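The structure appears right after this line, and notes come after that.
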Amino acid sequence: MNDSPTAIAQAKVRDLAAIEGRIISITVEPQDAAPRLTARIDDGTGRMDAIFMGRRSIAGIEPGARVLVAGRLCDAEAAPRMYNPRFELR
């Protein structure tokens, strides 16, 4: 992936963006709900959620891992989100 990273604080909602940061937490939906894994990413300027629909785990996506995610940024109450972004472990 050759996208140059944008700071979360500078990224605009509804634009395509590439964000590089550290995963600070992972949330997995319970077994009785539709599969979904949420990785909260912090780049030092802000936080965002990368949401992977249909997944309960992804090798390498764990707290402390450095990652580059790319996709369309969506607005949300808690933090901006990207659904099913492309990702690369750093």
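The values are calculated or read from the model by the stated rules, or taken from the named source; none is laboratory data. Given the structure is predicted, the values throughout are model-derived calculations rather than measurements. Using ideal geometry, Cβ is built from the backbone for each residue, glycine included, and neighbour counts are taken over all protein chains shown.
Total residues in region 58-84 satisfying the condition of being charged (D, E, K, R) and modelled with pLDDT under 90: the figure is 2.
Restricting attention to region 21-49 and to residues that are small (Gly, Ala, Ser) and touching a residue at least 12 places away in the same chain (Cβ under 8 Å), the residue that is surrounded by the fewest Cβ atoms within 10 Å (Cβ to Cβ) turns out to be Ala34.
Among the residues making up region 46-90, those that are part of a strand (DSSP E or B) and not aliphatic (A, V, I, L, M) are Arg47, Asp49, Phe52, Arg66, Gly71, Arg72, Cys74, Arg81, Tyr83, Arg86, Phe87, Glu88.
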